[in-house]
Protein chains: 2
Amino acid sequence: LLPNRLERLEINTQKELYDAIYKLRVRGAPAIGVAAAYGIYLAAREIKSETYEAFLEQFRLAKDYINSARLTAINLSWALTRMERCVLQNSGKTPAEITALMLKEANAIRDEDEVVCRKIGEYGLSLLKEGDGVLTHCNPGALATVRYGTATAPFYLGQERGYNLRIYANETRPLLQGARLTAYELHVAGMDVTLQCDNMASVVMEEGLVQAVFVGCDRVAANGDTANKIGTNTMAILAKYYGIPFYVFAPMSSIDMNTPCGKSIKIEQRPASEVTDMWYQIPMAPNGIKVFNPAFDISYKSLITAIITENGIVRPPYADSLVKLSLDFNVR
Amino acid sequence: LLPNRLERLEINTQKELYDAIYKLRVRGAPAIGVAAAYGIYLAAREIKSETYEAFLEQFRLAKDYINSARLTAINLSWALTRMERCVLQNSGKTPAEITALMLKEANAIRDEDEVVCRKIGEYGLSLLKEGDGVLTHCNPGALATVRYGTATAPFYLGQERGYNLRIYANETRPLLQGARLTAYELHVAGMDVTLQCDNMASVVMEEGLVQAVFVGCDRVAANGDTANKIGTNTMAILAKYYGIPFYVFAPMSSIDMNTPCGKSIKIEQRPASEVTDMWYQIPMAPNGIKVFNPAFDISYKSLITAIITENGIVRPPYADSLVKLSLDFNVR
């Protein structure tokens, strides 16, 4: 309900958790991962089975259910797979004991997310100097993670250290996460943030107002292509045209070495009403109009200056550097 | 009030006409030119002076007033200058006789606009083949002219001739002229039109759904740079990146050989509330947020495949081809 009302949602069942992800009440890849971990714990609490085998069967049904809430965010299945490992590694224990261990594991995923964001923030800040302007898209912010955000983490750390950064936030049509979330959280934090429509970013770049573009991502493919909120690849193409570096911020959990390239990422089409009916509560487009509404787009590797992870800054050629990173840090 | 309500506005005074232009009730460069011609006629009707000199003085005050309603649209001053020529060429006549001649001149400007749009449509259609997809931005449509529109004129002529074109209309933030006007007028006319957010145009191009981009323009500079609705130059940069031709549709009245290049065109900044307050009638951005809201941007000549006028298709190098065009057709 931001930016006008902040409401906390208490979730007690896997169904409520599924709805929260599906309806974008939890959004942002890292936050979805943490939420999914707690969601599968809530599901486990609901399982009545006494034997391990029956428990595992019910667990896997719940895992598939929660996993179907969003198509593109790899963190969702990453967190669920990690929770499954916790179950499989404790097959000698009772369902009640396993459920208790799952809560510990979900807490660990939550705590690690904050550490990850802080590390990403340090690497990101090393790319900036005092007074720089940075353009950002969607909400790769604290509201998309446990704390700090990914692409916004350098802004929070920069503020702690007096960098006086100037942030330009794209509103991010159709759901306006940039206006409602990023502009909100950075403004509330006391930063110098300016809001513009997505189609004004070109003029922001042309006038020399920004020295870098920082975006989050939902998935990094093995070749360095990245999927992120619709509108991101336009920023990548514009940044290339104007000679401005384009940085993608990705926790290791967003890197998927099983996805060979951007073309193999399935992009969900979302409902037409998101585009046509968001204003005035009366339609702003003619009744019955066809609508094209992809949720994500692909920023191809040739457009990306570097990918920033909690384990360092990865540069082209990504096919090599991502393999090295994934071997060093044992990525799936 | 489109696309939900169509209301006709009867204008009887220069003040009403000024307001209609300032508040975008009349919009689109050609329509503004025609409206301005009638506006200065309405002003002349209100002048009480008996002598030519007093009439001319009052006329010029009215001309400056109407000319100040919008900064960027060259058609505004073009039409007013043409009406002034009508006054100056009839200095021997009485104010009442001159006023009657001004009505005839305004009618001529109106009729010529329709002829111009039809000619532009013919040249534009020659760039397409049956079944083509075309992406367009803002409303260079019938609602921006007397009839047919400029960049949309080929769609109307194509429809008459069974071309089965597929049109992709950008919604055009912040005021949504694409959703409210272009999608409306083409849908009502029975064409195959799809609406998308501005930041989805990149995916439309990437997926091969369009074979050309057609946009209108508010002003063409002598070197071929063009000013048009904010978001246009992003389309130009994307089209270049994807190798799709980018065509600017410009009646001769939009060509200004006195403007040397795009950098010399003054771009108006419009109110923040256009960006922050258009939805739900409650703000969709945090209270007090800074907003960057330029009304126009410049598509530089290197991004433009051709400029389509009623007198033919102009190709690079524009510095030469526009001089030749302006000499052939006696442009100011």
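Go through the residues of the stretch B:200-221 one by one and say whether even a single one is in contact with a Pro (Cβ under 7 Å, 6 or more places away or on another chain) and of a type in the set (D, E, K, R). Taking every residue of the stretch B:200-221 in turn, none turns out to be in contact with a Pro (Cβ under 7 Å, 6 or more places away or on another chain) and of a type in the set (D, E, K, R). Just one residue in the set B:Leu143, B:Leu186 is within 14 Å of another protein chain (Cβ to nearest Cβ), assigned to a helix (DSSP H, G or I) and open to solvent by 20 Å² or more (accessible area, probe 1.4 Å); that residue is B:Leu143.
Screening A:Val116 with (1) surrounded by 24 or more Cβ atoms within 10 Å (Cβ to Cβ); (2) within 15 Å of the chain's Cα centre (by Cα) gives one miss only, at (1). Here the condition is being open to solvent by 10 Å² or more (accessible area, probe 1.4 Å), of a type in the set (Val, Ile, Thr) and either more than 21 Å from A:Tyr300 (Cβ to Cβ) or within 13 Å of another protein chain (Cβ to nearest Cβ) (or both); of A:Ile237, A:Ile244, it holds for A:Ile244 alone.
Can you tell me which of A:Lys229, A:Lys290, A:Lys301 is touching a residue at least 24 places away in the same chain (Cβ under 8 Å), charged (D, E, K, R) and within 14 Å of chain B (Cβ to nearest Cβ)?
When all the criteria are applied, what remains is A:Lys229.
For the stretch A:194-205, a residue qualifies if it is within 8 Å of another protein chain (Cβ to nearest Cβ) and farther than 9 Å from B:Phe292 by Cβ, and the qualifying residues are A:Asp198, A:Asn199, A:Ala201, A:Ser202.
In the set (1) touching a Phe, Trp or Tyr at 6+ places or on another chain (Cβ under 8 Å); (2) farther than 13 Å from A:Val34 by Cα; (3) open to solvent by 40 Å² or more (accessible area, probe 1.4 Å); (4) among the acidic types (Asp, Glu), the condition left unmet by A:Glu97 is number (1). Within the stretch A:52-90, can you find the residues that are part of a helix (DSSP H, G or I) and in contact with a strand residue (DSSP E or B) (Cβ under 7 Å, 6 or more places away or on another chain)? The answer is A:Ile74, and nothing else. Taking the criterion of being over 27 Å from B:Ala272 (Cα atoms) and open to solvent by 10 Å² or more (accessible area, probe 1.4 Å), the residues of the stretch A:151-178 that qualify are A:Glu160, A:Arg161, A:Gly162.
When the stretch A:43-71 is filtered for residues that are under 19 Å from A:Leu103 (Cα atoms), open to solvent by 20 Å² or more (accessible area, probe 1.4 Å) and of a type in the set (A, V, I, L, M, F, W, C), the ones remaining, listed by number, are A:Ile47, A:Leu56, A:Leu61. Listed by first and then second residue, the pairs with beta-carbon distance under 8 Å, at least 6 apart or on different chains, first residue in the stretch A:309-321 and over 10 Å from A:Gly224 (Cβ atoms), second in a loop (DSSP other than H, G, I, E, B) and of a type in the set (Ser, Thr, Tyr), are A:Ile313/A:Ser126.
Of all residues in the stretch A:152-183, those satisfying the criterion of being within 22 Å of A:Glu206 (Cβ to Cβ) and within 17 Å of the chain's Cα centre (by Cα) are A:Ala169, A:Asn170, A:Glu171, A:Thr172, A:Arg173, A:Gly178, A:Ala179, A:Thr182, A:Ala183. Scanning the stretch A:162-180 for residues that are of a type outside the set (Ser, Thr, Tyr) and within 25 Å of A:Val291 (Cα to Cα) turns up A:Asn170, A:Glu171, A:Arg173, A:Pro174, A:Leu175, A:Leu176, A:Gln177, A:Gly178, A:Ala179, A:Arg180. Residues being modelled with pLDDT under 95 and touching a helix residue (DSSP H, G or I) at 6+ places or on another chain (Cβ under 7 Å) are represented in the stretch A:256-270 by at least one member. What number of residues in the stretch A:44-62 are over 18 Å from A:Thr81 (Cα atoms), of a type in the set (D, E, K, R) and without any contact (Cβ under 8 Å) to a residue 40 or more places away in the chain? The total comes to 2.
Within the stretch B:148-177, the set of residues being within 14 Å of chain A (Cβ to nearest Cβ) and basic (Lys, Arg) comprises B:Arg166, B:Arg173.
None of B:Arg8, B:Arg25 is more than 14 Å from chain A (Cβ to nearest Cβ), out of contact with any helix residue (DSSP H, G or I) (no Cβ under 8 Å at 6 or more places or on another chain) and open to solvent by 30 Å² or more (accessible area, probe 1.4 Å) except B:Arg8.
Picking from residues in the stretch A:206-226 that are in a loop (DSSP other than H, G, I, E, B) and of a type in the set (A, V, I, L, M, F, W, C), the one that is nearest to the other protein chains (Cβ to nearest Cβ) is A:Leu209.
Taken as a whole, the structure leaves A:Ile40 outside the set of residues that are assigned to a loop (DSSP other than H, G, I, E, B), modelled with pLDDT of 95 or more and touching a Leu at 6+ places or on another chain (Cβ under 7 Å). The set of residues in the stretch B:119-130 being outside any helix (DSSP H, G or I) and open to solvent by 30 Å² or more (accessible area, probe 1.4 Å) consists of B:Ser126, B:Leu127, B:Lys129, B:Glu130.
For the condition more than 16 Å from the chain's Cα centre (by Cα) and not charged (D, E, K, R), what is the one hit in A:Asn90, A:Asn75? It is A:Asn90. Would you say A:Asn75 is at pLDDT 95 or above and either of a type outside the set (Val, Ile, Thr) or surrounded by 21 or more Cβ atoms within 10 Å (Cβ to Cβ) (or both)? Taking the combined requirement at face value, the residue does not satisfy it. Look at (1) within 13 Å of chain A (Cβ to nearest Cβ); (2) more than 22 Å from A:Thr234 (Cβ to Cβ); (3) of a type in the set (Asp, Glu) and you find that B:Asp256 fails only one, number (1).
Looking at A:Leu157, A:Leu165, A:Leu175 in this structure, which one is in contact with a helix residue (DSSP H, G or I) (Cβ under 8 Å, 6 or more places away or on another chain) and modelled with pLDDT under 95?
Details: A:Leu157 fails: modelled with pLDDT under 95; A:Leu165 fails: modelled with pLDDT under 95.
Result of the check over A:Leu157, A:Leu165, A:Leu175: A:Leu175.
Looking only at residues of the stretch B:165-183 that are part of a strand (DSSP E or B) and free of Cβ contacts under 8 Å to residues at least 60 places away in the same chain, we find that the one that is farthest from B:Lys229 (Cα to Cα) is B:Arg166. Take the residues of the stretch A:201-224 that are among the charged types (D, E, K, R) and within 18 Å of A:Thr150 (Cα to Cα): which is most open to solvent (accessible area, probe 1.4 Å)? Filtering the stretch A:201-224 for residues that are among the charged types (D, E, K, R) and within 18 Å of A:Thr150 (Cα to Cα), the one most open to solvent (accessible area, probe 1.4 Å) comes out as A:Arg219.
The values are calculated or read from the model by the stated rules, or taken from the named source; none is laboratory data. Keep in mind that what you see is a predicted model, and the values were worked out from it rather than measured. Methodologically, a virtual Cβ is constructed for each residue, glycine included, from the backbone with ideal geometry; neighbour enumeration extends over all protein chains shown. Each accessible area value is taken on the protein alone, full model and side chains, heavy atoms only, with ligands, DNA and RNA left out. Shrake-Rupley method; radii C 1.70, N 1.55, O 1.52, S 1.80 Å.
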